[in-house]
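Structure first, then comments.
The values are calculated or read from the model by the stated rules, or taken from the named source; none is laboratory data. This is a predicted model, so every value here is computed, not measured. Cβ coordinates were reconstructed from backbone atoms using ideal geometry, including for glycine residues, and neighbour counts include every protein chain displayed. Heads up: the accessible areas ignore ligands, DNA and RNA and are worked out on the full protein's heavy atoms, side chains in. Shrake-Rupley method; radii C 1.70, N 1.55, O 1.52, S 1.80 Å.
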2 protein chains.
Amino acid sequence: MNFLEERILRDGVVAPGNILKVDSFLNHQMDIALLRQMGQEFHRRFADRPITKVLTIETSGIAIAYPVAEAFGVPLVYARKNHSVNLEGEVYTAEVTGNHGEIVVAQKFLSPEDRVLIVDDILAGGYTLQGLISLVEAADATVEGICIAIEKAFAEGGKRMRNLGYHLESLAVIASMDAVSGHITFA
Amino acid sequence: MNFLEERILRDGVVAPGNILKVDSFLNHQMDIALLRQMGQEFHRRFADRPITKVLTIETSGIAIAYPVAEAFGVPLVYARKNHSVNLEGEVYTAEVTGNHGEIVVAQKFLSPEDRVLIVDDILAGGYTLQGLISLVEAADATVEGICIAIEKAFAEGGKRMRNLGYHLESLAVIASMDAVSGHITFA
């Protein structure tokens, strides 16, 4: 069990509907030392890749992606959900099944030469992630890899991404959760 | 002229309506080395204060606040705008005049012992900042200081906060902007 899985067991809370609440250390309130350690671990796993940009999505992806971008010494770009958009100029747009609707990124921040590392906090069905991949591909840029803090393996979004050939690294992979007992099993 | 003011002159764009676009280095795309330098400067200015928590607001405050929280070695908490709220349990709520409507923070992340440093990217009329102060005061916690990346002095929100006795530090204070010439004057 790694440091993030240990922290999830200690401070995560399982809620009905396969929801894992990590708001005391990963979103809403954030433990910066933990995020730093996560960033270093993601960097280690993709250290041989020629990353030029880190891409995430507002809101809870930003603090996960920050130390990754810092470790690689590259800019951090976050895609915006459409409700918050106040972007001028040309944008790339992707549809996301589920809550988010459209996500957008300004075209000037993704170019064909970019080798992009995508970062997000939680991967379940993978719909947001598919949207982020679509933004990168719309720019003719390259997805070098995907960094996920917590993957819900039972939702199979990660499996689908790996089947598509993407190099996806998740720090904590949850096989199952039980809201009654609070029990979490890692893959 | 300091490093942030120099960067604003180089890469900022003045748009009609006293809007300063800093989306190439401070929001949307973020220059992590610049953010790190800003965080160190904020830390220097409040180094003698017993900060226990950094508070900001989604979305664009998070990457500004991250290196500040790291420099102080304290947790980072971000208030949420009401449209994105999926919080259980008790929350503190504040009204924000203008766009945002309500902002909220979970009560468990602010306590009376907390000495809070508030961080945000841009200060104009100060309505969001007033909301953040209200959240801290609702928790009977103490506002130790306020860190702002860019203050629009002509909008007078900063003046009002200082008149109320808050220790507010802005890295770049804009006296005036002209959208036709693109000229920016710092205070």
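Side notes on the structure shown:
- Local electrostatic count, B:Leu168, Cβ distance below 15 Å [Lys/Arg +1, Asp/Glu -1]: -1
- Stokes-Einstein diffusion coefficient of the stretch A:1-135, Kirkwood radius over Cα pairs, 10 °C, 1.306 mPa s, in µm²/s: 100
- The B and A chains share an interface that buries close to 3000 Å² of accessible area, total over both sides, probe 1.4 Å.
- Local net charge near A:Thr93, Cβ-Cβ under 14 Å (Lys/Arg +1, Asp/Glu -1): -2
- A:Glu95-A:Gln40 pseudo-label distance in nm [points 7 Å out on the Cα-to-Cβ vector]: 4.4
- Ranked from shortest, the separations from the 7 Å Cα-to-Cβ label point of B:Glu113 to its equivalents in the other copies are 5.3 nm.
- Rounded to 10°, Cα long-axis angle of helix A:62-72 versus longest principal axis of chain A: 70
- Inter-chain Cβ neighbour count for B:59-71, averaged per residue, equals 5 (cutoff 10 Å, partner chain atoms only).
- Cross-link pairs beyond the 23 Å C-alpha cut-off, checked among A:Lys81/B:Lys108; A:Lys81/B:Lys81; A:Lys53/A:Lys152; B:Lys81/B:Lys159; B:Lys21/B:Lys152: A:Lys81/B:Lys108; A:Lys53/A:Lys152; B:Lys81/B:Lys159
- Computed with the Debye formula from one identical point scatterer per Cα of the protein assembly as shown, without solvent, the log10 of I(q)/I(0) at q = 0.11, 0.15 Å⁻¹ comes to -0.76, -1.43.
- Only helices enter this figure: runs of n ≥ 4 DSSP H residues, each worth -39500 (n - 2.57), summed and divided by the residues of chain B, yield -8500 deg cm²/dmol at 222 nm to the nearest 500.
- Counting only DSSP beta bridges whose two residues both lie in the protein assembly as shown, roughly 45 percent are antiparallel.
- Portion, in percent, of the accessible area of the protein assembly as shown that falls on carbon or sulfur, probe 1.4 Å: 45
- The figure for B:Ser111 is an accessible area of roughly 40 square angstrom, using a 1.4 Å probe on the protein chains alone.
- Solvent-accessible surface ranking, highest first, for A:Thr56, B:Thr142 at 1.4 angstrom: B:Thr142, A:Thr56
- For chain A, the longest principal axis of the C-alpha atoms and the axis of helix A:127-138 are separated by about 20°.
- Heavy-atom accessible area, probed at 1.4 angstrom with all protein chains present, ranks B:Val13, B:Val104 as B:Val13, B:Val104, highest first.
- Distance between modelled label sites at A:Glu113 and A:Glu137, nm, 7 Å Cα→Cβ extension: 2.5
- For B:Ala47 and B:Asn163, a Förster radius of 22 Å and the Cβ-Cβ distance give a FRET efficiency of 0.30, rounded to the nearest 0.05.
- Most to least packed among B:113-119, B:180-186 [average Cβ atoms within 10 Å]: B:113-119, B:180-186
- Order of exposure, largest accessible area first, which applies to B:Tyr127, B:Tyr166 with probe 1.4 Å: B:Tyr127, B:Tyr166
- Accessible area per residue was computed with a 1.4 Å probe on protein heavy atoms; A:Tyr78 scores about 0 Å².
- Helix A:32-45 vs. chain A, principal-axis angle (Cα, 0 to 90°, nearest 10): 70
- In the stretch A:5-36, comparing the full protein assembly with the chain on its own, the residues that lose 20 Å² or more of accessible surface at a 1.4 Å probe are A:Lys21, A:Asp23, A:His28, A:Gln29, A:Met30, A:Ile32, A:Arg36.
- Averaged per residue, chain A has 41 square angstrom of accessible surface, using a 1.4 angstrom probe with ligands and nucleic acids left out.
- Computed over neighbours whose Cβ is under 12 Å from that of B:Ala124, the net charge equals -1, Lys and Arg +1, Asp and Glu -1.
- Of all DSSP beta bridges in chain B, antiparallel share, percent nearest 5: 40
- Förster-model FRET efficiency, 22 Å R0, A:Val180 and A:Ala155, C-beta, rounded to 0.05: 0.70
- For A:Leu135, solvent-accessible area (1.4 Å; no DNA, RNA or ligand), Å²: 0
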